[in-house]
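These notes concern the structure reproduced below.
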Amino acid sequence: MLRVDVEKQLGEFSLSASFESEGRVTGLFGASGAGKSSLINMIAGLLRPDRGTIVIDGETVDDTAAGIHVPTWRRRIGYVFQDARLFPHLNVAQNLDYGRRMNRLAADPAQRTRVVELLDIGALLDRRPGKLSGGERQRVALGRALLSKPRLLLLDEPLGALDEARKVEILPYLVRLRDEANVPMVYVSHDVAELRQLATQIVMLRQGRVTSFGGVKVLT
């Protein structure tokens, strides 16, 4: 469960958003500049709200009235950006292991095998990021986030930098994550077709305000 009720002033831009979602994939939809990335960064703890609360899986991670702000590294959140942000000097296997080691988690070979198979990246383990396609890099970034054992996965336009062929390639893996990984996701996009295929609930943002919330029918 994710509950958000926040306000934030960012220069001339004002963000005020309130919603509660129990969906497997909560889609944040809106045009560029609607406030999607600012909102997801508040959920991640990268931005502090000026006022309000954020509750993830029953834990209050932000409550301005009570002075609560749980730092990003303690929120147990996986974050996948538009650019994969892999470490170029590490191979795929080492990149996958990075999130686990940074969170001081014990090795879990069974989970690693499941994630590698789920994302079909077994043949890439010895390669460096520079030898991967854009779609392959994003699949590795997803794997790295999952292996940190998050309770919530944030995806900020993960297909935004890919051409149409790569989008078609990676979208089925995102659907598999939704159906098989058992980790709720918040998915930022301005692509209606993407969200129709992937999201279970939609938060529609316009100029920093939630204008609609509900199933994918709100996109019509």
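The values are calculated or read from the model by the stated rules, or taken from the named source; none is laboratory data. Predicted model, so just to flag it, every value in this text is computed and none were measured. Virtual Cβ from ideal backbone geometry, glycine too; neighbours counted across all protein chains shown.
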* Please enumerate the residues belonging to the range 153-206 that are within 20 Å of G134 (Cα to Cα), out of contact with any Ser or Thr (no Cβ under 9 Å at 6 or more places or on another chain) and among the β-branched types (V, I, T). => V168, I170, V175
* Structure fact -> Only unsatisfied item for G33, checking (1) at pLDDT below 95; (2) within 30 Å of A181 (Cα to Cα), is (2)
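Give K131, K217, K149 a once-over and let me know the one that is closer than 17 Å to A84 by Cα and charged (D, E, K, R).
Details: K217 fails: closer than 17 Å to A84 by Cα; K149 fails: closer than 17 Å to A84 by Cα.
Criteria check complete, one pass: K131.
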* To do: Can you work out which of the residues in the range 152-170 that are surrounded by fewer than 15 Cβ atoms within 10 Å (Cβ to Cβ) and of a type in the set (D, E, K, R) is farthest from L46 (Cα to Cα)?
  => E164
* Asked: What residue, of L46, L90, is within 15 Å of the chain's Cα centre (by Cα) and surrounded by fewer than 17 Cβ atoms within 10 Å (Cβ to Cβ)?
  -> L46
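State yes or no: is L177 within 30 Å of E7 (Cα to Cα) and under 17 Å from the mean Cα position of the chain (by Cα)?
Details: within 30 Å of E7 (Cα to Cα): no; under 17 Å from the mean Cα position of the chain (by Cα): yes.
Taking the combined requirement at face value, the residue does not satisfy it.
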* Asked: Between residues in the range 100-129 that are polar (S, T, N, Q) and residues that are in a loop (DSSP other than H, G, I, E, B), which pairs lie under 6 Å by C-beta distance while being six or more apart or on different chains?
  -> N103/S148
